[in-house]
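Right, one structure below, let's go through it.
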Amino acid sequence: MKDLTIALENRPGALAEMGYALGRAGVSIEGGGGWVADGRGVAHFLFEDGRAARTALEAAGIRVVKEQDVIVQRLKQSEPGQLGRITRRMAEAGVNIEVLYSDHDHRLILVVDNEAKGRAVSEEWTREHAPADRLIHHERKAERQA
């Protein structure tokens, strides 16, 4: 999964052009959002295939500013304070969160300044908060990849 920072013109239709270019190329957006800051349009969107998304956007004349890896974290939606606790842990580990949003599967998406430290915090959080059956699956998957 990749987060793309996309520069958009601050005018009607700019977001539609972006969506059309991605759709024409068969690229789906998995999460993200767009807004105007200091008079300029900027978007952060999540893609399964960042390269395909970048290619489609650039072919349409849309500037991709940056492509970054993400940390994907599941939080317990029914438990208030989860966001504050995990972001506090990131801060205590010296990790600056540069971008934060949710994907279409209600997972927290983070772009951080130190991916290794951020992943370590995320993995520890998952071990502490995941149901036991999910942990076993996660550990088996990690063993197969090793």
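Each value in this text was obtained by applying a stated rule to the coordinates, not by laboratory testing. Here the structure is a predicted model, which is why all the values come from computation and not from measurement. Neighbour counts are summed over all protein chains in view; Cβ atoms, including those assigned to glycine, are modelled from backbone coordinates with ideal geometry.
Could you work out how far helix 82-92 tilts from the main Cα principal axis of the chain, as a 0 to 90 degree angle to the nearest 10?
In the chain, helix 82-92 runs at an angle near 90 degrees to the longest axis.
What stretch of the chain, leaving out the sites themselves, is the longest with no GluC sites (Glu not before Pro) in a DSSP loop having at most 16 other Cβ atoms within 10 Å?
In short, 49-146.
Could you give the size of the charge dipole of the chain about its Cα centre, using +1 on the Cβ of each K and R and -1 on the Cβ of each D and E, expressed in debye and rounded to the nearest 20?
80
In a Gaussian network model over the chain where Cα atoms closer than 10 Å are linked, find which of Val99, Val36, Val70 has the largest mean-square fluctuation.
Val36
Enumerate the aspartates and glutamates that Lys76 could reach by cross-link, defined here as Cα to Cα under 13 Å, with residues fewer than 8 away along the same chain left out.
Once the sequence-local aspartates and glutamates are set aside, what remains near Lys76 is Asp105, Glu128.
Which loop trypsin sites (Lys or Arg not before Pro) in the range 33-93, with loop taken from DSSP, have no more than 11 other Cβ atoms within 10 angstrom of their Cβ?
Filter output for the range 33-93: Lys76.
Can you compute the helix-only [θ] at 222 nm over the chain? Use -39500 (n - 2.57) per DSSP H run of at least 4 residues, normalise by all residues, nearest 500 deg cm²/dmol.
Result for the chain: -13000 deg cm²/dmol, rounded to the nearest 500.
Expressed as a whole number of Å, what is the distance separating the alpha-carbon centroids of the range 6-59 and the range 68-119?
Rounded to whole Å, the Cα centres lie 22 Å apart.
Students often get this wrong, so try it: which of [x] 29, 25, 15; [y] 31, 18, 14; [z] 26, 15, 14 is semi-axes √(5λ) of the Cα gyration tensor in Å as calculated from the structure shown?
[y]
Compute a Gaussian network model of the chain, connecting alpha carbons closer than 10 Å, and tell me which residue from Ala43, Ala21, Ala120 fluctuates the most.
Ala120
Measure off 7 Å from each Cα along the Cα-to-Cβ vector at Glu79 and Arg63, then give the distance between these two points in nanometres to one decimal.
Taking the simple label geometry, Glu79 and Arg63 are separated by 4.3 nm.
Calculate the dipole size of the range 2-69 relative to its Cα centre from +1 charges on Lys and Arg beta carbons and -1 charges on Asp and Glu beta carbons; express the result in debye to the nearest 20.
200
Which one of Ser122, Ser78, Ser102 has the biggest mean-square fluctuation once the chain is modelled by GNM with Cα springs under 10 Å?
Comparing Ser122, Ser78, Ser102 in the GNM, the peak value goes to Ser78.
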